[in-house]
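The values are calculated or read from the model by the stated rules, or taken from the named source; none is laboratory data. Quick caveat, the model's predicted, so the values are computed rather than measured. Ideal geometry is used to build each Cβ from the backbone, glycine not excepted, and the neighbour counts take in all protein chains shown.
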Amino acid sequence: MIVSVKDVTKRFGRVVALDGVSFTLRENAIYGLLGRNGAGKTTLMQILTGQQLPTAGTVEVFGARPYENDAVLARTCFVREAQRYPDDYRVKHALRAAALLFPNWDEAYAQSLVDEFGLPRSRPIKKLSRGMLSAVGVVVGLASRAPLTLFDEPYLGLDAAARQLFYDRLLADYAEHPRTVVLSTHLIDEVADLVEHVLVIDQGRLIVDEEADQLRGQMVTVTGPPAAVDAFVAGRTELHRTTIGPLVRSTLRGVADADSRAEAERLGVTITPLSLQQMVVSLTTGAARPDMLKETPQ
Amino acid sequence: MDEGRPIFVQIAEEIENAIIDGSLPEESQVPSTNELAAFHRINPATAAKGINQLVADGILYKKRGIGMFVSPGARAKLRDRRREQFADRYLRPLIVEARKLGISTAEVKDMIDTWETR
């Protein structure tokens, strides 16, 4: 276990950003940190990387508190959504700074990524497009090979091909150099098969902490005539229901295993497993809060 | 990958299918965990879980330092297992759909016969 978070609460004035969050991260695994805008994902990552102190609770990273702890921070790489660089920095300066900061930095690998992402080495950072800026973060995050690497929405402005390149390079490099990776993202479908473990935060609380394979197929929709759907739903937890003409669609907690498929067949209803993205949406659809509008959706 | 079923199960099934259809002969080497992960764009630990399930089943065996290989007798073993599952996996949905459409069992049998002579 390389990260241990116990009962962490973070308040900003009267706003509770994190509310009694506890979990651990193990060595060499890829985690998906999922949730809506304003759920507390970024705050949590800032606390893990020593950029914020929790209001209450304890955080240990590599067995020590991360805040102002150089030994811990040298083993941690946090790729932020909106990384700031000094005004006169060019791409090569950002890479040189990263090379000095991270003990495991692989310069040859960084240079090959720069070529693959088509980054202009001598262009001033402030003249980069949004996608190129994200690519700089991705290169730093991969080439730093930090034992704990956190990506906070790393792909803003990256097109589908560049995002695929990121996923492919991440998987290949992770296979060669295993480490703990936390991917915070809204593009859940794109990373669903990449992550080994899923953490979902909703309104500051951790509501899912589970292996991705365990989670798959834990929620289903059942569609059919109302009486048949009711018969299927009986004894199960229904989360949501929609009616269209003579059909009812119910979203419920349950597994699409052989038994429930047989039961669905017998009752004449269609059972469909939810994707990870659909699951997260139905678990986190609360009332819209004003702070959700602050972050620009992609 | 298909939703709702664990990915490691699907990885294991894919290798099983390759063994059954002969594209992975007995004693041949199967792709490594990292190759499977990169090809399917899945987590290497998940790919490893699929492989390990086949090792536990005796379908694959490990040659230390070299990789995973198809066990002798794996093909026959898999075929037997799939034959046992055949009725449940393929006949059941056929009968259910036939019933829904009002097609009798005799008609279904008839269709199978004509299908074969096409």
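Only one of the numbered conditions (1) surrounded by 11 or more Cβ atoms within 10 Å (Cβ to Cβ); (2) without any contact (Cβ under 8 Å) to a residue 40 or more places away in the chain; (3) within 14 Å of chain A (Cβ to nearest Cβ) is not met by B:LYS100, and that is (1). Across region A:211-231, which residue is farthest from the other protein chains (Cβ to nearest Cβ) among those that are more than 17 Å from A:THR284 (Cα to Cα) and part of a strand (DSSP E or B)? Selected residue: A:THR223. I want to confirm something. Restricting to region A:64-87 and keeping residues that are more than 23 Å from the chain's Cα centre (by Cα) and touching a residue at least 12 places away in the same chain (Cβ under 8 Å), which single residue is nearest to A:SER134 (Cα to Cα)? Checked region A:64-87; the qualifying residue nearest to A:SER134 (Cα to Cα) is A:TYR85. Do the conditions hold for A:ASP70, that is, is it over 26 Å from A:ALA212 (Cα atoms) and in the same structural domain as A:ILE125 (by TED's automatic domain parsing)? Taking the combined requirement at face value, the residue satisfies it.
Condition test on A:GLY137, is it in a helix (DSSP H, G or I), touching a residue at least 24 places away in the same chain (Cβ under 8 Å) and in contact with a strand residue (DSSP E or B) (Cβ under 9 Å, 6 or more places away or on another chain)? Outline the logic, then answer.
Values: in a helix (DSSP H, G or I): yes; touching a residue at least 24 places away in the same chain (Cβ under 8 Å): yes; in contact with a strand residue (DSSP E or B) (Cβ under 9 Å, 6 or more places away or on another chain): yes.
Yes.
Residue count for region A:232-275 satisfying the condition of being within 11 Å of chain B (Cβ to nearest Cβ) and part of a strand (DSSP E or B): 3. Counting only helices (runs of 4 or more DSSP H) that sit completely within region B:11-118, those holding 1 or more residues that are more than 27 Å from A:VAL191 (Cβ to Cβ) correspond to B:44-56, B:74-86, B:92-100, B:105-117.
Here A:VAL208, A:VAL182, A:VAL195, A:VAL200 are screened, and the one residue that is touching a residue at least 24 places away in the same chain (Cβ under 8 Å), surrounded by fewer than 22 Cβ atoms within 10 Å (Cβ to Cβ) and closer than 21 Å to A:THR284 by Cβ is A:VAL208.
Quick check, is A:PHE166 free of Cβ contacts under 8 Å to residues at least 40 places away in the same chain and crowded, with 20+ Cβ neighbours inside 10 Å? For A:PHE166, the condition - free of Cβ contacts under 8 Å to residues at least 40 places away in the same chain and crowded, with 20+ Cβ neighbours inside 10 Å - is met. For region B:41-52, filtering for residues that are crowded, with 19+ Cβ neighbours inside 10 Å and within 8 Å of another protein chain (Cβ to nearest Cβ) leaves 6.
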